[in-house]
Amino acid sequence: MNKKLKRLQRKLSRKYEKQKEGGVNRYKKTKNIIKLECLIRKVHKKIKDIRTNYLHQETAKLVKAKPEFVCMENLNIKGMVKNHKLAKSIQEQTFSEFRRIIEYKCKWNNIRFIVADKYYPSSKTCSECGYILDKLSLSTRKWICPECGVIHDRDVNAAINLMKYGKSA
Ligand SMILES: [Zn+2]
């Protein structure tokens, strides 16, 4: 879907580009351009629908598991999106949408919803011994605790910490 969108957008800009070459001062919306723009809007909507659908499915799964609570991290998405690799996978919009949905679904199902403090170092803390790293770059997916030697998967470790956080909240 994203590829299709890109292709259409390229096609559209080529059409505008062509007008420029033809020495047009003001762009004219030809029938073809209008058609193309309409198609692009449709693809945009389709992508959005797929995303929303996915979020509803995933949040439904979470709620269905009847957890005692859901503890979520207050991620600094803006900071993460600056990191190029993450820009594609995490979009601010999707994240806040996810949070909105899981929050109300928890409410409906009497599940406690907890948001961890923004500065809580969920990734940098060793879930085994509590040691806190000074730094952990976003690209580091696995790390070894210098204190107790346990090997951590970044996300699993953060999830365990958030579970602990939620339990004590
Ligand atoms: Zn440790």
Worksheet, complete the sentence: Of E128, E103, the only residue that is in contact with a Phe, Trp or Tyr (Cβ under 9 Å, 6 or more places away or on another chain) and either away from the ligand (no atom under 16 Å from the Cβ) or of a type in the set (D, E, K, R) (or both) is E103
Worksheet entry | Number of the condition not met by V63 [criteria: (1) among the hydrophobic types (A, V, I, L, M, F, W, C); (2) surrounded by 13 or more Cβ atoms within 10 Å (Cβ to Cβ); (3) more than 29 Å from Y104 (Cα to Cα)] | (3)
Practice prompt. Could you look through the stretch 132-156, keep only residues that are surrounded by 14 or more Cβ atoms within 10 Å (Cβ to Cβ) and near the ligand (Cβ under 9 Å from one of its atoms), and pick out the one that is nearest to the chain's Cα centre (by Cα)?
Written response: H152
Fill in: Top-ranked residue of the stretch 1-28 - restricted to ones that are surrounded by 13 or more Cβ atoms within 10 Å (Cβ to Cβ) and basic (K, R), ranked as farthest from S96 (Cα to Cα)
K15
Worksheet item: Taking the stretch 115-125 as the search range and keeping residues that are away from the ligand (no atom under 16 Å from the Cβ) and surrounded by 15 or more Cβ atoms within 10 Å (Cβ to Cβ), which one is nearest to K66 (Cα to Cα)?
Response: V115
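Read-outs: derived from the displayed coordinates by stated rules, not from any lab. For clarity, every value in this text was computed on a predicted model and none was experimentally measured. Ideal geometry is used to build each Cβ from the backbone, glycine not excepted, and the neighbour counts take in all protein chains shown.
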